[in-house]
Amino acid sequence: MDELDRLAAHLEPLGSALVAFSGGADSTLVAWAAHRALGEAALAVTARSESIAPAEAAAARELAGRIGIRHEEVAYSELAIPGYADNPPDRCYLCKGELFERLGAIAAARGVAAVLDGTNADDAGDYRPGRRAGAEHAVRSPLLELGWGKAAIRAALRALDLPVWDKPSSPCLSSRVPYGEPITREKLEQIGRAEAALRELGFRELRVRHHGSTARIELPRAELARVLADGLADEIVRRVRAAGFAFVALDLEGLRSGSLNRLLPSRPADDR
């Protein structure tokens with residue numbers, strides 16, 4: 001039995017499952033395994049809200065069809081979640097709590113045994129308050145339970161010929177706003193427009209951090225040289241200003257997942 005067989009076998013005893021499906025690499029592997037193990041008793045559900053770029057929801061829908069798993073969407077306003085728009089350091093806890101409550105209600109109404117997410121073994125060392133919400137709602141994380149890390153997940157997806165095997169991680173748009181700075185629909189739309197414009201220039205992995213009138217752009221270090229060598233600086237400025245920013249800055253440290261976490265005070269180990 002290979003590792004993919006073990007993953008599917010790990011889910012078979014559930015009998016039925018609902019997968020929190022973003023269309024990213026991690027949740028895609030969980031959805032594939034759930035469909036293989038449970039067939040029509042597996043359901044993938046994708047959230048639609050202000051902090052999720054519309055293209056992400058469309059891509060998730062297409063990917064679910066490719067996997068063959070039943071797929072639905074649940075739409076709601078994250079900005080309506082009490083405390084969310086204030087952007088506290090545990091914003092992800094509030095967000096995931098709302099999501100898992102809704103998914104749990106869907107599962108309960110349909111007699112589905114478990115809600116699954118894509119948390120993996122590499123997530124255990126980062127600041128992820130959403131994990132606490134998962135624990136409170138009894139969400140299962142099969143990749144974490146079996147010790148799957150990001151490299152193994154991407155290798156498995158490549159072997160399965162699923163196109164997200166090399167898809168860059170794409171946290172929600174709210175993660176581009178520094179903690180404590182209010183989150184508004186206008187800011188999220190501004191960030192979304194700027195990032196979409198930069199992807200049109202061929203940048204696959206990026207973040208546009210919102211600092212008031214300034215956009216701080218994070219690109220992988222290997223891409224920084226291309227900006228100057230290919231004469232893209234002026235075009236980047238033009239496009240990002242067209243999205244609503246007055247000033248455009250290119251971060252020389254390059255892309256760092258969770259770079260705004262450095263602004264947080266020291267945290268208890270349980271919250272990392």
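The values are calculated or read from the model by the stated rules, or taken from the named source; none is laboratory data. All of these numbers come straight from a predicted model, not from anything done at the bench. Note that we place each Cβ from the backbone using ideal geometry, even for glycine, and neighbour counts take in every protein chain shown. Calculation scope for accessible area: heavy atoms of the full protein, side chains included, ligands and nucleic acids excluded. Shrake-Rupley method; radii C 1.70, N 1.55, O 1.52, S 1.80 Å.
Odds and ends about this structure:
- In this structure, Arg91 does not satisfy being in contact with a helix residue (DSSP H, G or I) (Cβ under 7 Å, 6 or more places away or on another chain), surrounded by fewer than 23 Cβ atoms within 10 Å (Cβ to Cβ) and either over 18 Å from Val112 (Cα atoms) or at pLDDT 95 or above (or both).
- Every residue from region 252-262 that is out of contact with any Pro (no Cβ under 7 Å at 6 or more places or on another chain), within 15 Å of Ser175 (Cβ to Cβ) and in a loop (DSSP other than H, G, I, E, B): Arg256, Ser257, Gly258
- Test result for Ile69, more than 19 Å from the chain's Cα centre (by Cα), of a type outside the set (S, T, N, Q) and open to solvent by less than 60 Å² (accessible area, probe 1.4 Å): yes
- Residues of region 226-250 that are assigned to a loop (DSSP other than H, G, I, E, B) and within 20 Å of Glu200 (Cβ to Cβ): Asp230, Gly231, Leu232, Ala243, Gly244, Phe245.
- Matching option when the condition is part of a helix (DSSP H, G or I) and open to solvent by less than 40 Å² (accessible area, probe 1.4 Å), among Ala55, Ala33: Ala33
- Any chance Asp122 is open to solvent by 30 Å² or more (accessible area, probe 1.4 Å) and at positive phi: no
- Taken as a whole, the condition of being open to solvent by less than 30 Å² (accessible area, probe 1.4 Å) and in a helix (DSSP H, G or I) applies to Ala60.
- Flag if Val177 is modelled with pLDDT under 95, β-branched (Val, Ile, Thr), out of contact with any Phe, Trp or Tyr (no Cβ under 6 Å at 6 or more places or on another chain) and under 19 Å from Gly254 (Cα atoms): no
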